[in-house]
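Visitor: Before I ask anything, let me first share the structure, which is written out below as structure tokens.
Read-outs throughout are calculated quantities, based only on the coordinates presented, and are distinct from any laboratory measurement. These numbers were taken from a predicted model, which means no experiment stands behind them. Methodologically, a virtual Cβ is constructed for each residue, glycine included, from the backbone with ideal geometry; neighbour enumeration extends over all protein chains shown.
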Amino acid sequence: MNTPLTNDLLGQLQGQPLADISNQLGLSPSQTENAVSAALPLLLGALGRNASQPQGAEALFGALQRDHAGLDIGSVLGSVLGGGGQGGSILGHVLGGRQQNAAQGLGAATGLGQGQASSLLQMLAPLVMAYLAKRMFAGNGGNAAASPQQLGDVLGQERQSIAQQGGVGGSLMGAVLDRDGDGDTDFSDLIGLAGSFLGGGGRR
């Protein structure tokens, strides 16, 4: 598990998956890749935050085993594009009351409208869960070899890595997650990042 989760999943979405997401949202391929590369750290960082407590790690581990293990990312994307995937429900568990802030922040950071940003997060949430289940269980000789503690450790390392790398993904994760959730988040700094990001100067 040496490859950062965000980079690995983004790599798996290159090509047709990103093209399909672009078509669904009405965005250019470059807009979509920029937005996805900002949204994935946010979602994985949120999962890492939730799994930082034993109870949260156990709940997430159980959900991965019960609802997402054995699913292929391509099949999940097909379901999502067809209106399935339960993205809204997953976001409710992952982000809680921060869903609106997450969409606002992603929009500010990438130039997407809030509706597009919200739709993208709902599309990516089931993909992240399916990917995480495969990453945790497939290479471990079955479910018994993985544990909630291991899941928490992996996601904790990923969250730390995202924060250290900074860039749009790290800044967005910090702006959305490291607030008190009062709905009064200031995304003015992210708007400045969006200019360099959309101009090709942003870091992933």
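Visitor: Show me, for region 82-91, the HN-Hα J-couplings you get by feeding each phi into the Karplus relation (A = 6.51, B = -1.76, C = 1.60, θ = phi - 60°), rounded to Hz, glycine and proline as x.
Guide: x, x, x, x, 6, x, x, 5, 5, 4
Visitor: Between GLN100 and ASN23, what's the calculated FRET efficiency when r is the beta-carbon distance and R0 is 25 Å? Round to 0.05.
Guide: With R0 = 25 Å, the Cβ-Cβ based efficiency is 0.45.
Visitor: Also: For GLN157 paired with ASP8, estimate the spin-label separation in nm (one decimal), with each label point 7 Å from Cα along the Cα-to-Cβ line.
Guide: 0.9
Visitor: Separate question: Could you calculate the FRET efficiency of SER89 with SER52 from 1/(1 + (r/R0)^6), where r is the beta carbon distance between them and R0 is 25 Å, rounded to 0.05?
Guide: 0.70
Visitor: Would you mind putting 73-86, 93-106 in packing order, based on average other-beta-carbon counts within 10 Å, highest first?
Guide: Answer by packing, highest mean first, reads 93-106, 73-86.
Visitor: Does region 1-112 come out rounded, prolate or oblate by the C-alpha gyration tensor, with a ≥ b ≥ c the root eigenvalues, rounded set by a/c under 1.5 and, if not, prolate when a/b is larger than b/c and oblate if not?
Guide: Verdict is prolate for region 1-112.
Visitor: Roughly what would the spin-label model give for SER30 and SER75, points 7 Å off Cα along C-beta, in nm?
Guide: 3.7
Visitor: Using 0.36 nm per residue, how much length does the chain from SER147 to GLN65 gain when fully extended, once their Cα-Cα distance is taken away?
Guide: 28.5 nm
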